[in-house]
Every structure is written in structure tokens, then in C-alpha cells.
Amino acid sequence: MKKSGFTLVELMVYIGIVGVVVIVAGQAFSNSTKMRLRTENMIKANATVEEAGMLMQEDVAQMGAKSALVTNSSVNSDDAFVSSMVYMDVDGGDSSSFTISSNDGNDDLVMRRMRYGVDGSYESIEEVEWFVNGGKLYRKCKTLQSVLTTVPDDCPLTDPPSVEMVDRVSSFKVIPAKPSVLESDYSDMSNNSPRLLPSADRHANAFRLVARYGENSFENVVREPQQGGSSVTLSGFSTNYDLTSQAVANTTKANQLYLASGALDYNETSSSWKSMCAKVDLEAGEEYELSFRIPFVSEDKSRSFCPGVDHMTVGFRNAENGAPVEDLPDYAFYPPIAKNADSRRSVRFSVKTAKKDLCLAFTFSMYSPTAPYGSITIADLVLSKVDLSHFNFDEGYVPQLEDKKKVKAMRLDLKLNRGGENGVLSLVVPVPSNGRN
């Protein structure tokens, strides 16, 4: 019988193949183990950072909580109590409920809030602090004021303990939302003042209305007082109604008056509105509010104003030629017809594209029999930029003292490390109770 087996070459090839398979399998197992460990560390890191975020969110969302019901029987049950200690330094002008400082590249957040009883009554004012020390995130709570005989153990009156919440923290940042309108904006027209007309100074409310006439069928109108002021009364409107024939005349007469800031000497020419009107720029995407009052006057012929027939509008015109503004329509209004009617007229609007050198104009075109012989008073006119509630975060923004009370959201950025893997959290928390509101 002939015997057969592996030759030396075949054996060496076989051993080589087995070796390659073992190496590949071992590498695959090693990689799988590493991937499993990385995945576990990533899950642990993210779970840890999310747990810390939930605890911070609960604290931060209550920032500035105030106004508890009074339970003292000597006062009405619906009276409210607000302690000044909920503010950081109300006597020093800081009526916010937070401070943010930096320590070794990480932020330190201190905030105040009211603690409530189960019935919603006031119990105490607490100061909560979140900070990083030695790579660990700590939370500390101190009771500043209380009506309780015994304060909670987790928030003592003195010597509050620093409780470790998370370790291996590589970064902790607190970014306050930048208010869309800053306090400094109010006094600088070049800085997009929220109070645009009649003046950037919110304490100045004097204005005049300057007539445009002698062109495009616009006629003069009598104004009282000529000096202007916080209110201007208009009378002597042009009429498109023929009292003789008792029908609408075949005319198109109108009155158009332009807002001019200040209460100055009255001296105009037929073209003076172009130089005298208060010019304003509107930004794309921003929201604005125009408001004014029309006080009720009894026995005034303006009460016979007929909607859909008589025309009273307010809107913007190009300062150069008085032409209407594209994509910015006029808004109709009417005089109050009853003593208890709301005298305030307001409209909010925005523009898709920026508009420059605009004038605010009131246009009147009367067609009913008696309305033109009445009077209309425009009072307390204000064009303002609306302080929007959307949250704009700028990492370089540091709120000035007077703006801290306007901050209505915080962004918390927390990063930590577990086994070489990062857990990252970026959490936006609204703080509607911050400030004196």
C-alpha cells in the first residue's frame, strides 16, 4: 500500500494560512472589543452629561421665580408677596436673578429663586450656584430668607455644602440670550433704537403733522395747535361730497400729513414736508409696532365716519418723492364712536427687505356728507422696534447691568470625558421669570 501525506511545502503553506486567519480573527476581536468599550464609554458619557443637564435645567428654569400668594389672614388672600432678595442687587441697579463669572476657563453660575409650599405660598428665597472646581461640577444651595422654622437640609441658612454632581468635566459654559433690544439702544438712533418715532428719546413725545399739498390732489388741512405737542388735532378736511347735489362729487381730494418730530415754530411751505418729516429706516426681519390714540369727542362730526366710504390710513412714504413703499401697505383706522370705546390704535408689521429714508404719513379722503367737518386728534404716537422673544446666543456677549433683567433664556454647554470619550450637552433653558416682570 502506498502511503501519502503533506509535503513540507504544503505544511508550511497551511501553517501560513492558519496564521493569517488567526491574526485577522484576533485583530477583528480586538477591534470589536475596543469598539464595544468605546461605545460603552460614549453611552456612559452622554448619559452622565444628560443627567447633569436635567438637574441644571430644573434649577435654571426656576431662576427669578417670585410672587407667591400671601396666606396671612390679615390681608386679602389674593395679595402677592415678592421679596427683593430674589434680585441680585436691586439697590445697585441689578434687578436680574443671576450672575455669571469665569473661573479657570469655566463659568460659575449663581441664581436666585423663590421656594414655594405645596399650597403655592412663599417659604424662602434660595441662592443656587453651579461651578467647576478641579475638573468636577458642583452644586451649592443656600437659603437667604425664610419664614420656615426649619429650612430644608439641602439648602441651609449657613455653610451650605458643595455637592459633587459630575466629575471629569472638561468644559462648562453658560451663555445668556442676547435681548433683541438693549437698554443702550433707546438713546441712539444710529444703533437701531427701539423707540424710532417721534424721537429716539423715550421721554420725548412731542410731534407735529406737516401737510403735503399742491400736488397729486392733496390739499391743506387746518391743524391745532400749530406748535404741536403730545397730541395734534386735525380739522378742515377736504371733502369729495357735494352738499348741493347731495352726492359724491366727481373729484379726488385728499389730505396727507407727515410726522415731524418736536414741537417747533410752525412755518412751512408747500414743499416743506420733504425736509421736515422725521425720517426712519426699517430693518429686514425685525418687527415694529406703530401705536397712537384717537380720543373720543362727543358731538363731533367725525363720528359720522363711514367705513368703506371714508378713507383714513397711516403708512410710510419715500422721503424723496412721497411715493408709497413697496411691500409695506397702509393701515386703515377709524375714530371711536362711543365714549367707552378703546381709543388706542396699533399695528405690528415687518419688512422682507430693508427700507431707508421713510416718512410716516396720515392720509384722509372723505366722501360721506358730514365726516369731513369733524376733527381727529392723534395722541401719544409711537413707532417702536418690538423686543422679540426669540433667543439669540452670542458666545462673546456679556450683558450690561441694565440689560441683565431682559435675559429670558440661558444656553448651558457642558462637556465631560469618560474613558477617552466625550459627552457633550448644549441645552437651551427659557428663564421667563428673570427680571422685574
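The values are calculated or read from the model by the stated rules, or taken from the named source; none is laboratory data. All values reported here derive from a predicted model rather than from experimental measurement. With ideal geometry, Cβ positions are generated from the backbone for all residues, glycine too; neighbour counts draw on all protein chains shown.
Brief remarks follow.
- All positions within region 299-350 that are in contact with a helix residue (DSSP H, G or I) (Cβ under 9 Å, 6 or more places away or on another chain) and acidic (Asp, Glu): ASP310, GLU320
- Criterion (modelled with pLDDT of 90 or more, over 32 Å from the mean Cα position of the chain (by Cα) and of a type in the set (Ser, Thr, Tyr)) met by exactly one of TYR367, TYR331: TYR367
- Some residue of region 406-414 being surrounded by fewer than 19 Cβ atoms within 10 Å (Cβ to Cβ), under 21 Å from GLN256 (Cα atoms), at pLDDT 90 or above and among the basic types (Lys, Arg): no
- Any chance VAL181 is more than 20 Å from MET88 (Cβ to Cβ), in contact (Cβ under 8 Å) with a residue 40 or more places away in the chain and under 31 Å from the mean Cα position of the chain (by Cα): yes
- Taken as a whole, the condition of being in contact with a strand residue (DSSP E or B) (Cβ under 7 Å, 6 or more places away or on another chain) and small (Gly, Ala, Ser) does not apply to SER84.
- Within region 107-148, the set of residues being modelled with pLDDT of 90 or more and among the hydroxyl-bearing types (Ser, Thr, Tyr) comprises SER124, TYR138, THR143, SER146.
- Residue in region 328-351 that is in the same structural domain as LEU243 (by TED's automatic domain parsing) and within 18 Å of SER199 (Cβ to Cβ) present: no
- Search result, residues across region 224-250 that are part of a loop (DSSP other than H, G, I, E, B), modelled with pLDDT of 85 or more and closer than 15 Å to ILE376 by Cβ: GLY236, PHE237, SER238
- Residue in region 363-385 that is exposed (fewer than 13 other Cβ atoms within 10 Å of the Cβ) and in contact with a Lys or Arg (Cβ under 7 Å, 6 or more places away or on another chain) present: no
- Any hit, region 332-340, residues being among the charged types (D, E, K, R) and either under 30 Å from GLU219 (Cβ atoms) or touching a strand residue (DSSP E or B) at 6+ places or on another chain (Cβ under 8 Å) (or both): no
- Residue in region 196-219 that is touching a Pro at 6+ places or on another chain (Cβ under 8 Å), modelled with pLDDT of 85 or more, of a type outside the set (Phe, Trp, Tyr) and surrounded by 19 or more Cβ atoms within 10 Å (Cβ to Cβ) present: no
- Subset of region 296-327 (residues that are under 25 Å from GLY374 (Cα atoms) and either β-branched (Val, Ile, Thr) or not assigned by TED's automatic domain parsing to the domain that holds ALA254 (or both)): VAL297, VAL309, THR313, VAL314
- Qualifying residues in region 1-56 (those that are more than 26 Å from LEU414 (Cα to Cα) and either under 50 Å from the mean Cα position of the chain (by Cα) or not in a helix (DSSP H, G or I) (or both)) - the one modelled with the lowest pLDDT: MET1
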